1. If you scan the stretch 229-246, which residues turn out to be in contact with a helix residue (DSSP H, G or I) (Cβ under 6 Å, 6 or more places away or on another chain) and either closer than 20 Å to Ile212 by Cβ or modelled with pLDDT of 95 or more (or both)?
2. Within the stretch 239-259, can one find any residue that is free of Cβ contacts under 8 Å to residues at least 40 places away in the same chain, of a type in the set (Lys, Arg) and either within 30 Å of Asp107 (Cα to Cα) or in a helix (DSSP H, G or I) (or both)?
3. Taking the residues in the stretch 99-109 that are in contact with a helix residue (DSSP H, G or I) (Cβ under 6 Å, 6 or more places away or on another chain) and over 19 Å from Tyr33 (Cβ atoms) as candidates, determine which candidate is surrounded by the most Cβ atoms within 10 Å (Cβ to Cβ).
4. For the stretch 90-121, what are the residues that are farther than 30 Å from Ala140 by Cβ, of a type outside the set (D, E, K, R) and part of a loop (DSSP other than H, G, I, E, B)?
5. Does Pro199 fit the bill of being closer than 19 Å to His220 by Cα and either outside any helix (DSSP H, G or I) or not hydrophobic (A, V, I, L, M, F, W, C) (or both)?
6. Just a yes or no: is a residue in the stretch 280-291 assigned to a helix (DSSP H, G or I), over 22 Å from the mean Cα position of the chain (by Cα), surrounded by 16 or more Cβ atoms within 10 Å (Cβ to Cβ) and of a type outside the set (Gly, Ala, Ser)?
7. How many residues, within the stretch 268-302, are over 30 Å from Ala322 (Cα atoms) and touching a Ser or Thr at 6+ places or on another chain (Cβ under 8 Å)?
8. Condition check: in contact with a helix residue (DSSP H, G or I) (Cβ under 7 Å, 6 or more places away or on another chain) and without any contact (Cβ under 8 Å) to a residue 60 or more places away in the chain. Does Ala276 satisfy that?
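The values are calculated or read from the model by the stated rules, or taken from the named source; none is laboratory data. Because the structure is a prediction, the values reported are computed rather than measured. We place every Cβ from the backbone using ideal geometry, glycine too, and count neighbours over all the protein chains shown.
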Amino acid sequence: METIQSRAARGRVSDAPSGHWVYRVLPRAVWPYAQLARWDRPIGWELLLWPCWWSAAMAASAYARPDDPLVSLLPSLSTLILFLVGAIAMRGAGCTYNDIVDEGIDDQVERTRSRPLPSGQVSRRQAWAFIVVQALVGLAVLLQFNSFAILLGFASLLVVAAYPFMKRITNWPQFVLGLAFSWGALMGWAVEFGDVDGPAVLLYVGSILWVIGYDTIYAHQDKEDDAIVGVRSTARLFGENTKPWLAGLYGGALMCMALAFASAQIPLVSLAGLCAAGVHMARQIVVLNIDDPDQCLRLFKSNNTVGWLIFAGLLGGAVWVALKPMV
């Protein structure tokens, strides 16, 4: 069987997905940077993107009237694309920064010691330069928005900078991750209205609870190594009580999102997507085996489906309002 060291020598991290386009298309010299940015693991930027798209869709159909044309009730395609590019760039920059901060810890954890920094494939100076490049892409995206949204986007950097250190000082690093990964719930509304109102705040809180839930599942993969090196997490904190905690977190997330929809007066039909997402979340809790790392990873990744369901519900509500006068 191939060892972690031999895989690192070939330019691959230990749990890199096989057959990914990164390793088929990009030159070998670029692989370490792709791994720093997690281009071979799109689930990260997908989960970062969903609060942005939810917020943009909710803002577009907020306070809808029956005589509103469909085009005005749907989020702007250009806005969605900008959020997509920004999510990929900033998730990559965040992961690179996290790897710089956690280099010493990653070297002690089986799953992460073959990453580019602890395995010596990339120097810290090169990693910092790569952060700058990705951050400039994110800045270019941010500057396309209104001044309030630009300032709000800059404010998120404080949370992003603090996150990697939280696992050393609190059992709730997933909460801080939630603050960072849910920031888009505020951004979409700010881009549309130039401020942050109650619906956006409720969506933000709901998204934070969702992030804590799914990242707790993810953290169960490394709980043994984390205990050895002293890394804290909600997975270690909740332990055998993880399922009841997840029920509370996911239930709270759905409740806050439903209140956000109601506060924004978006079409009632949009709740169908939220209900479908709730069924998916419930299934995660029922089948979860916290001692099966492979299953934990699969369930974590399945939260991309949650994102699609909620977004589809928001779009469906907009279409329903626009077509209702024709029925």
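1. At the first step, the residues of the stretch 229-246 found to be in contact with a helix residue (DSSP H, G or I) (Cβ under 6 Å, 6 or more places away or on another chain) are 229, 231-236, 238, 243, 245-246.
The answer is Val231, Arg232, Ser233, Thr234, Ala235, Arg236, Phe238, Lys243, Trp245, Leu246.
2. no
3. Across the stretch 99-109, the extreme among qualifying residues is Ile105.
4. Gln108, Val109, Thr112, Ser114, Pro118, Ser119, Gly120
5. The answer is no for Pro199.
6. No, the stretch 280-291 contains no residue that is assigned to a helix (DSSP H, G or I), over 22 Å from the mean Cα position of the chain (by Cα), surrounded by 16 or more Cβ atoms within 10 Å (Cβ to Cβ) and of a type outside the set (Gly, Ala, Ser).
7. Final tally of qualifying residues: 3.
8. Here the answer is yes, as Ala276 does meet what is asked.
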